[in-house]
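Novice: First the structure, which I've put down as structure tokens, then a few questions once you've had a look.
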Number of protein chains: 2
Amino acid sequence: MRSNIYIGLVHYPIYDRREEVVATAVTNFDIHDIARCARTFGVGGFFVITPLDSQIQLVEKMIRHWVEGTGAVYNPTRKESLSLVRITRTIDEADREISNLWEKKVKRVATGATRHPKSIGFEIFRKLLGDRSIPFLMLFGTGWGLTQEVKDSSDYVLAPIEGKGYNHLSVRSAVAIILDRLLGDRINSSE
Amino acid sequence: MRSNIYIGLVHYPIYDRREEVVATAVTNFDIHDIARCARTFGVGGFFVITPLDSQIQLVEKMIRHWVEGTGAVYNPTRKESLSLVRITRTIDEADREISNLWEKKVKRVATGATRHPKSIGFEIFRKLLGDRSIPFLMLFGTGWGLTQEVKDSSDYVLAPIEGKGYNHLSVRSAVAIILDRLLGDRINSSE
């Protein structure tokens, strides 16, 4: 059965440390780590979202190397994970790709390190995902996080990962933890 | 109350892709991501374990920059996370540091992507950690993972994170998921 969960790594619009809206550069480690998580937990697709031509070319080159080039022979597990990566210029474009495929409206889910009036807990969201007829696009922010507008316009905002008075996980770690909480094998983990 | 959980990122002895025992190079992203996870989940200390002088100097320089240097002003949250980092040449040396501090024998816990005869599940291990009088050192392998000998000589081996037919998470993602499963706020996640 095809997965109804897609993830998007947003490089624009994003806050920088001064809360100004910027486009961040793509980080190679983000793509590798998140693609491997996506493959591990059976995500339908991983959208790298950036409007910058230089960054699009960089990601395309990287994916060609590992999916079609010498990298695919050197390490086939990277081919498997990076095959999930799509590049789009905007969040809307990623949304359209999914809705075209599903012929359905996509539910957007924002994530972040702080609470939002619309925040829902992991267990509730895990149940929502159980309706396999609805496609979901989960958005993760790079830099200092998704803008307020992206959060406000999403259908859901996922509760932050609560730390011991510290909420500065890398986006790579946040994606890993969130996918595990939503899609991880609860039977094994509660053995 | 001080944490009884310590983690060690092992760069030797480690398997390479041909299952030969090697010392791997330190990856900056590993240190940052894992230190931030350690701080988030209240880990007692994060040992970077490498016998190579060049690598020790590299980590020391990086930590000085973020904990004492200009980095500490630029991004104080990195100071907070990297303050947890200790460098040792061997697993035994990390073990000794903890046992000296606690005046107790340390329980060693190996992790990895495959099952081991001694594998225990996350829920069982979560309960073991509840005995706050015992210090635990959890070992994570870089490269192609911890050697069989390290696993065999540990007190426990933690069950692998089960994916959908794919077990190639980065060590950064594995640490994030494992710390969340063991130490994450179950109340929030089950809201």
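Condition check ((1) at the interface with chain A (Cβ under 9 Å from one of its Cβ atoms); (2) in contact with a Leu (Cβ under 7 Å, 6 or more places away or on another chain); (3) in contact (Cβ under 8 Å) with a residue 24 or more places away in the chain; (4) open to solvent by 10 Å² or more (accessible area, probe 1.4 Å)) across all residues:
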| residue | (1), (2), (3), (4) |
| --- | --- |
| B:ILE120 | yes, yes, yes, yes |
| B:ALA159 | yes, no, yes, no |
| B:ASN167 | yes, no, yes, yes |
| B:SER173 | yes, no, no, no |
| B:ILE177 | yes, no, no, no |
| B:ASP185 | yes, no, no, yes |
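Novice: Within the set of pairs 6 or more residues apart or between chains, which connect a residue that is polar (S, T, N, Q) inside region B:23-40 to a residue that is in a loop (DSSP other than H, G, I, E, B) with Cβ atoms less than 6 Å apart?
Specialist: Going by the 6 Å Cβ cut-off, the qualifying pairs are B:THR24/B:HIS11; B:THR24/B:THR142; B:THR24/B:GLY143; B:THR40/A:GLY163; B:THR40/A:TYR166; B:THR40/A:LEU169.
Novice: I'm told A:MET1 meets every condition in (1) open to solvent by 80 Å² or more (accessible area, probe 1.4 Å); (2) more than 19 Å from A:LEU183 (Cβ to Cβ) except one. Can you identify the failing condition by its number?
Specialist: With (1) open to solvent by 80 Å² or more (accessible area, probe 1.4 Å); (2) more than 19 Å from A:LEU183 (Cβ to Cβ) applied to A:MET1, the lone miss is (2).
Novice: Just to be sure, is B:ARG64 of a type in the set (Lys, Arg) and surrounded by 16 or more Cβ atoms within 10 Å (Cβ to Cβ)?
Specialist: Numbers: of a type in the set (Lys, Arg): yes; surrounded by 16 or more Cβ atoms within 10 Å (Cβ to Cβ): no.
Considered against the rule, which asks whether it is of a type in the set (Lys, Arg) and surrounded by 16 or more Cβ atoms within 10 Å (Cβ to Cβ), B:ARG64 comes out as no.
Novice: So, of the residues in region B:67-100 that are aliphatic (A, V, I, L, M) and free of Cβ contacts under 8 Å to residues at least 12 places away in the same chain, which turns out to be least open to solvent (accessible area, probe 1.4 Å)?
Specialist: Among residues in region B:67-100 that are aliphatic (A, V, I, L, M) and free of Cβ contacts under 8 Å to residues at least 12 places away in the same chain, the one least open to solvent (accessible area, probe 1.4 Å) is B:ALA72.
Novice: Identify the single condition in (1) in contact (Cβ under 8 Å) with a residue 60 or more places away in the chain; (2) under 21 Å from A:ALA176 (Cα atoms); (3) open to solvent by 50 Å² or more (accessible area, probe 1.4 Å) that A:GLY44 does not satisfy, given that it satisfies every other one.
Specialist: (3)
Novice: Quick one: which of B:ARG2, B:ARG86 is within 14 Å of another protein chain (Cβ to nearest Cβ) and not in a helix (DSSP H, G or I)?
Specialist: Details: B:ARG86 fails: within 14 Å of another protein chain (Cβ to nearest Cβ).
On inspection, the qualifying residue turns out to be B:ARG2.
The values are calculated or read from the model by the stated rules, or taken from the named source; none is laboratory data. Since the structure is predicted, the reported quantities are computational estimates derived from the model, not experimental observations. Using ideal geometry, Cβ is built from the backbone for each residue, glycine included, and neighbour counts are taken over all protein chains shown. To get the accessible areas, we keep the full protein, side chains included, count just its heavy atoms, and leave off ligands, DNA and RNA. Shrake-Rupley method; radii C 1.70, N 1.55, O 1.52, S 1.80 Å.
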